[in-house]
Amino acid sequence: MLNSLDMLFISLTVLVFVFGLILKATRWKRGQETSRLDNLYENFLSSAERVFSHRDLLREKKMGFFHVFLFYLFVIALILVIVFHIPFSLPAILAGVQSIILDSIALIALVGIVYFYYRRLTEKDRGFDNKKEDFVLLIWLFLIFITGFLMEAVRLKVFKEKGVFAPAGLMFSVLIPSNQEYYPLLSQLFWRAHLFLVLSFIAFIPYTKAIHIVLIPLSYLFKNPIPKGAYKLYDLDNSEEFGANKISDLNWKDLMDLDTCVRCGRCQENCPAFLTEKPLSPKKVIQDLKTVLYKSDKDLQSPLINEDITEEVIFSCTTCRACMENCPAGIEHLDKMMEIKRYLVLMEGSISPEAQLLFKNLERNGNPWGMPASTRAEWAKELDVKFLAEIDDPKSIDFLFWPGCAGAFDDRYSKVVKKIVEIFNRADLKFALLGEEETCCGDPARKLGNEYLYDMLARQNIETMNNYGIKKIVTSCPHCLNTLKRDYSQIGGNYEVVSHSEFLLSLLKEGKINLNKSLEGKFVYHDSCYLARYNDVYDEPREVIKKSGLKLTEFERRGIKGFCCGGGGGNMFLEEHSPRMNDTRVKQILDSGEGKDLTGIATACPFCLTMMTDGTKTYNREDIVVKDIAEIIYEAL
């Protein structure tokens, strides 16, 4: 039973815990206001599902397995504390079942704590930046479990139970002396120690990384309502400052994220920039921003761009979204880095000569290569395809085909879009092109921080398409897909936008095109970041490949853990220092068990096609062909 001293200690625990939360929240309030209450009910259901299923953590099976038991032990213990205050007792059999379940979960959780400790000591390649706090928390939890089991062991001795329903307690009972005179003392000792450890742990949760127990569910609940891949929209005509270079330039959720991070390193393990020896580590960026947040206790003007978070760090990001999609805490890394990038470009004019040339080409010619805008439609002149300007009733078409800059100006990818047009013609579809009226969607400009240039290009396209009454767009470029679908919706461009992967599969399923040949060969599919992680298109390209008759093989880094080719975030048009991401990606494929007798690599993105082709040349493996999935379908017709 609890005495008055216990109640005082519990009250003190609550006070220390609440004070810690208030202290955290006070820091978060230094950030800008932002509404995170949209779709609150849906977010609550999604948050509950992610928390209780542990699906994010279970991507790493061993660690996730043990964490599940630790989590559910905490949940069950919380429930039991409440239940014990209700005046009723369970039937003996049910009480026994409850006991054995709780005992088993606690034992597995204890093994998990030992495993976590062991892993931090031995798995140096995981990038753990071990701190005293990590080990102190694990030892603390270990002692809580040990004292709990010892309490149970004394109970078994006192009541001379056989331990059928308490196997773990039975194991620990061998440590309890047989002399019954010690039982009252040991019972009180273990109970007091257990209570002290539990309450002190709870009290210090807000002051340690254990705060993630509270913050991760909130992080899920208050996720960004802006469409995936789009970013904060500025009033360019009336705003005087852009981006972020101090804590108050970020929003409160950005600052909460800094305290939510547990330094698990999942973002870093999947970051292509970090894995190819670039200066960027998403985990370190979050931790460095946290350092600035705590410095703001004394200096609110502490700059975000400093000796740790440099321009080189920020511009190493390819915006592949591997950090965010693999983060089990729901931290929004990219939003923070994008705001810093915007500050550098728009406020300081800090941009590389290559990026300056890219911006110049986009502004003057509407494409990254600086090719004359008047030549944009030349690739299609020999094809049976109409341009919207030539059609009396533009609304009569079923969809607009958007080849993008790569389809119009890149020699290799123009061959792909030509085949796509021929496939559409064979399916007898009503579609058209914008031709010279199309300009770059603005993706490279926005991802490199030049919001003014993006806005100019985007509004030009939106005006053109809205004048024609366009409702549906099919595009072969995932970067265009995401921009047309997500970014344009922020400024009045509301269209149904479909990737050519999804569209080709629908044509096959509906019988509008038939494959008359069964192709031979063993292919691996390279996931495009902007198709997969941004738009959740994982299975459709694979289904298309399988329907062609090709044998599709898989390897470790695929799907949500897919490795970026290096072309995203505008980096397709910038120079990358060795080791290059595309070379690293091809080496991963070649070194895998399935890579020995591989005949081809399939892609569904113009950037990926170029990068994978260059990668095979690096390793003198031009015997491995690199093809877009549209080319595969065309060959099988």
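Of the set (1) in contact with a Lys or Arg (Cβ under 9 Å, 6 or more places away or on another chain); (2) under 30 Å from ASP129 (Cα atoms); (3) of a type in the set (Val, Ile, Thr); (4) open to solvent by 30 Å² or more (accessible area, probe 1.4 Å), all apply to ILE213 but (1).
Residues in the stretch 223-250 that are assigned to a loop (DSSP other than H, G, I, E, B), open to solvent by less than 10 Å² (accessible area, probe 1.4 Å) and of a type in the set (A, V, I, L, M): ALA230, ALA244, LEU250. Inside the stretch 612-634, residues that are exposed (fewer than 15 other Cβ atoms within 10 Å of the Cβ) and farther than 25 Å from HIS479 by Cβ make up a count of 4. Note on the stretch 427-442: residues that are touching a residue at least 60 places away in the same chain (Cβ under 8 Å) and surrounded by 20 or more Cβ atoms within 10 Å (Cβ to Cβ) total 4. All conditions in (1) at pLDDT below 95; (2) crowded, with 24+ Cβ neighbours inside 10 Å hold for LEU609, with the sole exception of (1).
Applying the criterion of at least 2 residues that are open to solvent by 30 Å² or more (accessible area, probe 1.4 Å) to the strands (runs of 3 or more DSSP E) found wholly in the stretch 478-572 leaves 551-553.
For VAL51, the conditions (1) assigned to a helix (DSSP H, G or I); (2) over 27 Å from VAL97 (Cα atoms); (3) β-branched (Val, Ile, Thr) are fulfilled apart from (2).
Could you go through the stretch 27-34 and let me know if any residue there is part of a helix (DSSP H, G or I) and out of contact with any Asp or Glu (no Cβ under 6 Å at 6 or more places or on another chain). Yes, the stretch 27-34 has at least one match.
Here PHE69 meets each of (1) modelled with pLDDT of 90 or more; (2) in contact with a helix residue (DSSP H, G or I) (Cβ under 8 Å, 6 or more places away or on another chain) with one exception, condition (1).
If the condition is being buried (at least 18 other Cβ atoms within 10 Å of the Cβ) and assigned to a helix (DSSP H, G or I), then the stretch 199-209 contributes LEU199, ALA203, ILE205, PRO206, LYS209. Annotation note: Cβ proximity below 6 Å between a residue of the stretch 444-472 that is outside any helix (DSSP H, G or I) and a residue that is open to solvent by less than 10 Å² (accessible area, probe 1.4 Å) (sequence gap 6+ or interchain) occurs for LEU448/ALA355; LEU448/GLY570; GLY449/LYS341; GLY449/ARG342; ILE470/LEU400; LYS472/PHE399. Only one of the numbered conditions (1) modelled with pLDDT of 90 or more; (2) of a type in the set (Asp, Glu); (3) open to solvent by 60 Å² or more (accessible area, probe 1.4 Å) is violated by GLU133, and that is (3).
For the criterion of being under 28 Å from LEU515 (Cβ atoms), among the acidic types (Asp, Glu), out of contact with any strand residue (DSSP E or B) (no Cβ under 7 Å at 6 or more places or on another chain) and assigned to a loop (DSSP other than H, G, I, E, B), GLU622 passes.
Within the stretch 459-500, being of a type in the set (Gly, Ala, Ser) and in contact with a Leu (Cβ under 9 Å, 6 or more places away or on another chain) holds for GLY493, SER499. Condition check for ASP597 on (1) modelled with pLDDT of 95 or more; (2) farther than 23 Å from CYS271 by Cβ; (3) touching a strand residue (DSSP E or B) at 6+ places or on another chain (Cβ under 8 Å): one failure, at (1). Of all residues in the stretch 581-613, those satisfying the criterion of being more than 21 Å from the chain's Cα centre (by Cα) and of a type in the set (A, V, I, L, M, F, W, C) are VAL586, ILE589, LEU590, LEU598, ILE601, ALA602, LEU609, MET611, MET612. Only residues that are of a type in the set (Gly, Ala, Ser) and open to solvent by 30 Å² or more (accessible area, probe 1.4 Å) were counted across the stretch 374-426, and they come to 3.
Checking each residue in the stretch 573-606 for being under 23 Å from TRP369 (Cα atoms) and either open to solvent by less than 10 Å² (accessible area, probe 1.4 Å) or of a type in the set (Phe, Trp, Tyr) (or both) picks out PHE573, MET581, ASN582, THR603, ALA604, CYS605, PRO606. Applying the criterion of at least 3 residues that are open to solvent by less than 40 Å² (accessible area, probe 1.4 Å) and touching a strand residue (DSSP E or B) at 6+ places or on another chain (Cβ under 7 Å) to the helices (runs of 4 or more DSSP H) found wholly in the stretch 270-315 leaves an empty list. Within the stretch 392-419, the residues that satisfy the criterion of being closer than 25 Å to GLY569 by Cβ and either assigned to a helix (DSSP H, G or I) or β-branched (Val, Ile, Thr) (or both) are GLY404, CYS405, ALA406, GLY407, ALA408, PHE409, ASP411, ARG412, TYR413, SER414, VAL416, VAL417. In summary, PRO328 fulfils each of the numbered conditions (1) touching a helix residue (DSSP H, G or I) at 6+ places or on another chain (Cβ under 6 Å); (2) open to solvent by less than 10 Å² (accessible area, probe 1.4 Å) with the single exception of condition (2). Every condition in (1) closer than 20 Å to ASN270 by Cα; (2) without any contact (Cβ under 8 Å) to a residue 60 or more places away in the chain; (3) of a type in the set (D, E, K, R) is met by ASP623 except one, and the failing one is (1). Here GLU363 fits the description: in a helix (DSSP H, G or I) and either of a type outside the set (Ser, Thr, Tyr) or out of contact with any helix residue (DSSP H, G or I) (no Cβ under 7 Å at 6 or more places or on another chain) (or both).
The values are calculated or read from the model by the stated rules, or taken from the named source; none is laboratory data. Keep in mind it's a predicted model, so treat the numbers as computed, not measured. All Cβ positions, even for glycine, are placed from backbone atoms using ideal geometry, and neighbour counts span all protein chains on display. The area values use the complete protein model at the heavy-atom level, side chains included, leaving out ligands, DNA and RNA. Shrake-Rupley method; radii C 1.70, N 1.55, O 1.52, S 1.80 Å.
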